[in-house]
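Structure first, then comments.
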Amino acid sequence: MSDQMISSISKQVVKRFPQMQGVRPKVSAYGTSGNLLIYSVSESTASGKKINMTVRVVVDERGKIKKITTSR
């Protein structure tokens, strides 16, 4: 997966999840012709607790987003 394609996908992810700004995803193969990008960030709440947030993005070979899931 090219850096240009990852950058384009990341822009779309940041529009939906602004806290992912500047996060570099981990890229792995997914299925027979797709990729999985995993964005992870750790934030602090007002009380000082840490909250981990993960966004998983499934894309096809052309870089089209097929599915986005999040977890905290």
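Taken together, the values in this text are just the output of simple stated rules run on the coordinates, not laboratory data. Remember, it's a predicted structure, so these values are computed and weren't measured experimentally. Note that each Cβ is placed from the backbone with ideal geometry, even for glycine, and that neighbours are counted across all protein chains shown.
Summary table
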| quantity | calculated |
| --- | --- |
| Cα gyration tensor of the stretch 10-72 - equivalent ellipsoid semi-axes, whole Å, descending | 25, 11, 9 |
| Crossing angle, helix 3-16 versus the chain [Cα axis fit, 0-90 degrees, rounded to tens] | 40 |
| Options Gln19, Ile68, Ser47, ranked by Cα towards positive dipole end of the chain, top entry (Cβ charges) | Ser47 |
| Residue pairs, from the table Lys26/Lys50; Lys15/Lys67; Lys26/Lys64, whose Cα atoms sit over 19 Å apart | Lys26/Lys50 |
| Computed lengthening from Glu43 to Lys64, 0.36 nm per intervening residue step minus Cα-Cα distance | 4.7 nm |
| Relative contact order (%) - criterion: Cα under 8 Å, at least six apart; region: the chain | 22 |
| Ranked by how many other beta carbons lie within 10 Å on average, peptides 4-16, 43-55, 20-32 from highest | 4-16, 20-32, 43-55 |
